[in-house]
Amino acid sequence: MNCCAEGQQASKPILVKNPDEILIMQEANQIVAEVLCMVQEAVEPGISTYELDQMAEELCRKRKSEPAFKGYHGFPSSLCTSINEEVVHGIPSRKRKLKKGDILSVDFGVRYKGFFGDSALTIPVGKVNHATHQLMLATSKSLELAIEKVVAGNRIADISKAVQEYVEDKGYSIVRQFVGHGIGSSLHEGPEIPNYVQGGQSPRLIEGMVIAIEPMVNLGTHKVKVLRDGWTVITADKKPSAHFEHSVAVTADGPLVLSSRDKILGIE
Ligand code: MG
Ligand code: MG
């Protein structure tokens, strides 16, 4: 889940974590990774976003963690499920069944041993059209490039620039109203991680910081609006949007992707 730009976390302190805390955060994020992999496997035409939400919550609780989004400012579910033109914060529903050619952005977070994990990805439902497929690839790649900048001494703006340059060069647009965030014993901590370069000097990365980087990239306009449910964010032109997110620690050895799905670290 992400924050409104210039939200409250802008003024929140940037909290540095010690190695033991980062280890717990890795465990939390590996639960998130495991759940997202399971959801990815379960996605097929005909399944409802409600069913995915139920599966996610069940596995989360089995791993002795709590779904972080459920009840967060009143959000009703464990997963955010955002389809096609929905950017983020879509609410799972029994009535909303996936169709071939849809893309589904799934955002998930847990609270585990007092710390939070947060990650997201966009999943194709069967074969999707070429333009939408390219949008997904570019968004995922922009996150990869951003992660390479998570090095002590760099600034947040280096991350923002990496995303913005790659994405805009391909003719896509970046959602500005929502941003990434610091993460730790709160879901949203300072600093904000915008996916575009803002004016002024941004904070420097120091060892022990953990940040959730989450580019939200639109095929058409960058403009978005919130539906009457108070949550679901959609693109103003109804063109598709993709969203990828990882929680990443700044370490002496460079970026450590806590929510990596490459090889799930079992914590049973
Ligand atoms: Mg998230
Ligand atoms: Mg987030």
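The values are calculated or read from the model by the stated rules, or taken from the named source; none is laboratory data. Everything numeric in this text was worked out from a predicted model, so none of it was measured. Note that we place each Cβ from the backbone using ideal geometry, even for glycine, and neighbour counts take in every protein chain shown. These accessible areas exclude ligands, DNA and RNA; they are computed on the full protein's heavy atoms, side chains included. Shrake-Rupley method; radii C 1.70, N 1.55, O 1.52, S 1.80 Å.
Please go through the stretch 100-139 and give me each residue that is more than 15 Å from ligand 1 (Cβ to nearest atom) and part of a helix (DSSP H, G or I), ordered by number. If the condition is that a residue be more than 15 Å from ligand 1 (Cβ to nearest atom) and part of a helix (DSSP H, G or I), then 130, 131, 132, 133, 134, 135, 136, 137, 138 are the ones that fit. Just one of the numbered conditions (1) at pLDDT below 95; (2) open to solvent by 60 Å² or more (accessible area, probe 1.4 Å) is not true of residue 5: (2). Please work out if residue 73 is open to solvent by 10 Å² or more (accessible area, probe 1.4 Å), over 17 Å from the mean Cα position of the chain (by Cα), within 16 Å of ligand 1 (Cβ to nearest atom) and not small (Gly, Ala, Ser). Considered against the rule, which asks whether it is open to solvent by 10 Å² or more (accessible area, probe 1.4 Å), over 17 Å from the mean Cα position of the chain (by Cα), within 16 Å of ligand 1 (Cβ to nearest atom) and not small (Gly, Ala, Ser), residue 73 comes out as yes. Across the stretch 60-70, the qualifying residues are those that are within 15 Å of residue 115 (Cα to Cα) and open to solvent by less than 100 Å² (accessible area, probe 1.4 Å), and the one among them that is farthest from the chain's Cα centre (by Cα) is 63. Looking only at the stretch 126-140, filter to residues that are under 26 Å from residue 256 (Cα atoms) and among the small types (Gly, Ala, Ser); which one of those is least open to solvent (accessible area, probe 1.4 Å)? Filtering the stretch 126-140 for residues that are under 26 Å from residue 256 (Cα atoms) and among the small types (Gly, Ala, Ser), the one least open to solvent (accessible area, probe 1.4 Å) comes out as 138. Taken over the stretch 141-164, the criterion of being in a loop (DSSP other than H, G, I, E, B) and open to solvent by 50 Å² or more (accessible area, probe 1.4 Å) is satisfied by 149, 151, 152. Restricting attention to the stretch 237-254, the residues that are in contact with a strand residue (DSSP E or B) (Cβ under 7 Å, 6 or more places away or on another chain) and open to solvent by 50 Å² or more (accessible area, probe 1.4 Å) add up to 1. In the stretch 53-85, what residues are away from ligand 2 (no atom under 16 Å from the Cβ) and within 23 Å of residue 238 (Cβ to Cβ)? Once the filter is applied, which keeps residues that are away from ligand 2 (no atom under 16 Å from the Cβ) and within 23 Å of residue 238 (Cβ to Cβ), the stretch 53-85 yields 83, 84, 85. Within the stretch 170-201, track down each residue that is closer than 30 Å to residue 237 by Cβ, in contact with a strand residue (DSSP E or B) (Cβ under 8 Å, 6 or more places away or on another chain) and charged (D, E, K, R). Matches in the stretch 170-201: 192 only. Of all residues in the stretch 175-204, those being of a type outside the set (A, V, I, L, M) and either within 15 Å of ligand 2 (Cβ to nearest atom) or within 16 Å of residue 119 (Cα to Cα) (or both) number 15. Scan the stretch 165-193 for residues that are open to solvent by less than 30 Å² (accessible area, probe 1.4 Å) and not in a strand (DSSP E or B) and the total you get is 6.
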